[in-house]
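Enquirer: Sharing a structure with you now.
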């Protein structure tokens, strides 16, 4: 085991000792009660299985069969979740065949950042994660279930489902993916059209045609943003069946994997002899594995927020220093857009998760001794790949080396020696930066600041030609307390154009960037956030900012006494707390924690 991995893991275990023990004590108390429905009074139980068959009622009332709850993020507007329409019947039939009962326990909302980017609805996105966690808890609160299956894919959905699942940590759990859509036009071509539109070189007709060719069918978007980072993360923690993350929807293999997941979870209930509650699967080592996977693949910066919240739901305390320290030891092993030209289908064809996990395990860069939901208990089986042999699902050894070295490399010959995720620190606060997709020549920028309080004002300034220079855009009041911390997607084409024109540009903000953002250097998630009087609120137009993403330093070059004496500027952006349902989330904004503690208000945080 790599010494850095050992050290970080030991630090997390020690830091989490009290909170993890308290969490497990609560879970052990729930486990001691046995199958929860046996505690229900008769009238309650009758309500719970009123629509079941007579045989199922008899089995459930005597706890002789396990009851599997299905929590689903299905809706038929969003491509990633549309395939879940048919999963409940597949699952119910598979569970019946395996000697159990399955009930649809509840649905959770699933909003798409791709639809809401740059729109008022995006300001609900981050807190939708917490709503999903709450909705998951409501679905499972009927005390009817011995295990649960979780159906979700995209940005906030999987973190929300996982937080909710951990609050019911006494239940075995398997996450069931839907898979990516087939490949459309290349992500590079899509981005090129977006930049041309930002420059006024093409119109809306051409832009819509390009976007429709990229997002064209059921399944997850094929770039490596937060949604596909979710799938990688859940598999490398052992909550997916091996190799199931990136199998396309509406294929025979996808359906067989769904049925196999349904049967698999029955093996792990308290009614059997191989009890594996999710509270035991998700421990400190599993969380560390998720960070490692994120770094090795150049995954979404959103998980520097989500993974912290997920860990805390299990009593585990991680922080950005853990990401930063591991980033120095974990090499970048994949090139998937935005840090490469390939999409997730090409990643899968090159060897996918099996090859990635095998490479990390062989070099002591992953915890292999974690409890998983596979037939074996460790991670070794996750180097295998699923296949259909005469219509029957089986797992076979994955490729010994990459089938496309331009997409998946090796520890001996990585694309970068570090994972490319750095903690940013200095007199402007503390944040993160992802540099895996940033060319080395752009990783250090010193330039005058231009200060904005709304991303639309940045776009307007660009159109007026005011950004045609070396500039560091400072975008303030974008934190969770200010406006819900929307992703600042509209900045990506604008800043990309300026960079392509030869200017030295960067972004510093207390907000988030898209999981698919890449080539422009940035310091994001900065805290204390501006609404709390953070130092970013003291920056003025023309102040020189030095951003060094290689060393993790971000400083405004103003005399310390002068800067300390400045009064933080008030937020000039208005209208962000009402309309499109935003008024309903006022309590969540007010109680939100910092970005480094998960930007949540679901549980007590430091």
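Enquirer: I'm trying to understand the selection: among the residues of segment 531-544, which are touching a strand residue (DSSP E or B) at 6+ places or on another chain (Cβ under 9 Å) and closer than 15 Å to residue 510 by Cα? Break it down into steps so the answer makes sense when it comes.
Expert: Quick first cut of segment 531-544, residues touching a strand residue (DSSP E or B) at 6+ places or on another chain (Cβ under 9 Å) only: 534-536, 538-544.
Within segment 531-544, 534, 535, 536, 538, 539 qualify.
Enquirer: Return the total of residues in segment 252-276 being touching a strand residue (DSSP E or B) at 6+ places or on another chain (Cβ under 8 Å) and under 28 Å from residue 12 (Cβ atoms).
Expert: The qualifying residues number 2.
Enquirer: Something else now. What is the one condition in (1) more than 28 Å from residue 489 (Cβ to Cβ); (2) part of a helix (DSSP H, G or I) that residue 296 does not satisfy?
Expert: Against the list (1) more than 28 Å from residue 489 (Cβ to Cβ); (2) part of a helix (DSSP H, G or I), residue 296 comes up short only on (1).
Enquirer: Being assigned to a helix (DSSP H, G or I) and either crowded, with 24+ Cβ neighbours inside 10 Å or at pLDDT below 95 (or both) narrows it down to one residue among 330, 288; which is it? Before you say what the answer is, go through the steps one by one.
Expert: Working: 330 fails: assigned to a helix (DSSP H, G or I).
Testing whether each residue is assigned to a helix (DSSP H, G or I) and either crowded, with 24+ Cβ neighbours inside 10 Å or at pLDDT below 95 (or both) leaves just 288.
Enquirer: Against the conditions (1) crowded, with 21+ Cβ neighbours inside 10 Å; (2) part of a helix (DSSP H, G or I), where does residue 135 fall short? Just the number, please.
Expert: Result: residue 135 passes all but (1).
Enquirer: Being at pLDDT 95 or above, out of contact with any strand residue (DSSP E or B) (no Cβ under 8 Å at 6 or more places or on another chain) and part of a loop (DSSP other than H, G, I, E, B) is the filter; apply it to segment 219-248 and report the residue that is farthest from residue 166 (Cα to Cα).
Expert: Here the residue is 245.
Enquirer: Further question on the same structure: Write out, first by first residue and then by second, each pair whose Cβ atoms fall under 8 Å of each other, whose residues are 6+ apart or on separate chains, and whose first residue, in segment 431-459, is free of Cβ contacts under 8 Å to residues at least 60 places away in the same chain while the second is in a strand (DSSP E or B).
Expert: 452/473; 452/474; 452/475; 458/452; 458/473; 458/475
Enquirer: Quick check on segment 288-300. Is at least one of its residues free of Cβ contacts under 8 Å to residues at least 40 places away in the same chain and farther than 30 Å from residue 363 by Cβ?
Expert: Step one: list which residues in segment 288-300 are free of Cβ contacts under 8 Å to residues at least 40 places away in the same chain, which gives 291.
Checking which are farther than 30 Å from residue 363 by Cβ leaves us with none.
No; the residues of segment 288-300 include none that is free of Cβ contacts under 8 Å to residues at least 40 places away in the same chain and farther than 30 Å from residue 363 by Cβ.
Enquirer: Continuing with this model, one more query. Name the one entry in 302, 289 that is under 15 Å from the mean Cα position of the chain (by Cα), over 23 Å from residue 513 (Cα atoms) and not assigned by TED's automatic domain parsing to the domain that holds residue 524. So that I can check it myself, show each step before the final result.
Expert: Working: 302 fails: over 23 Å from residue 513 (Cα atoms).
That would be 289, the only listed residue that is under 15 Å from the mean Cα position of the chain (by Cα), over 23 Å from residue 513 (Cα atoms) and not assigned by TED's automatic domain parsing to the domain that holds residue 524.
Enquirer: Given the condition in contact with a helix residue (DSSP H, G or I) (Cβ under 6 Å, 6 or more places away or on another chain), in the same structural domain as residue 311 (by TED's automatic domain parsing) and surrounded by fewer than 24 Cβ atoms within 10 Å (Cβ to Cβ), answer yes or no: does some residue in segment 151-158 qualify?
Expert: For segment 151-158, residues in contact with a helix residue (DSSP H, G or I) (Cβ under 6 Å, 6 or more places away or on another chain), in the same structural domain as residue 311 (by TED's automatic domain parsing) and surrounded by fewer than 24 Cβ atoms within 10 Å (Cβ to Cβ): absent.
Enquirer: Any idea which of 465, 502, 484 is without any contact (Cβ under 8 Å) to a residue 60 or more places away in the chain and farther than 25 Å from residue 443 by Cβ?
Expert: On the way: 502 fails: farther than 25 Å from residue 443 by Cβ; 484 fails: without any contact (Cβ under 8 Å) to a residue 60 or more places away in the chain.
Selected residue: 465, the only one of 465, 502, 484 that is without any contact (Cβ under 8 Å) to a residue 60 or more places away in the chain and farther than 25 Å from residue 443 by Cβ.
Table: residues versus (1) under 23 Å from the mean Cα position of the chain (by Cα); (2) farther than 26 Å from residue 339 by Cβ.
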position: 404; (1), (2): no, no
position: 410; (1), (2): no, no
position: 413; (1), (2): no, no
position: 424; (1), (2): yes, no
position: 443; (1), (2): no, no
position: 468; (1), (2): no, yes
position: 491; (1), (2): yes, no
position: 498; (1), (2): no, no
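Enquirer: Next question. So which residues in segment 340-350 are under 27 Å from residue 1 (Cβ atoms) and buried (at least 24 other Cβ atoms within 10 Å of the Cβ)?
Expert: Within segment 340-350, the first condition is being under 27 Å from residue 1 (Cβ atoms), and the residues that meet it are 347, 350.
Of everything in segment 340-350, just one residue is under 27 Å from residue 1 (Cβ atoms) and buried (at least 24 other Cβ atoms within 10 Å of the Cβ), namely 347.
Enquirer: Let me ask you something else. Could you list, in sequence order, the residues of segment 516-551 that are surrounded by fewer than 19 Cβ atoms within 10 Å (Cβ to Cβ) and in contact with a helix residue (DSSP H, G or I) (Cβ under 7 Å, 6 or more places away or on another chain)?
Expert: If the condition is that a residue be surrounded by fewer than 19 Cβ atoms within 10 Å (Cβ to Cβ) and in contact with a helix residue (DSSP H, G or I) (Cβ under 7 Å, 6 or more places away or on another chain), then 519, 532 are the ones that fit.
The values are calculated or read from the model by the stated rules, or taken from the named source; none is laboratory data. Fair warning: this is a prediction, and the values are worked out from it, not measured in the lab. Methodologically, a virtual Cβ is constructed for each residue, glycine included, from the backbone with ideal geometry; neighbour enumeration extends over all protein chains shown.
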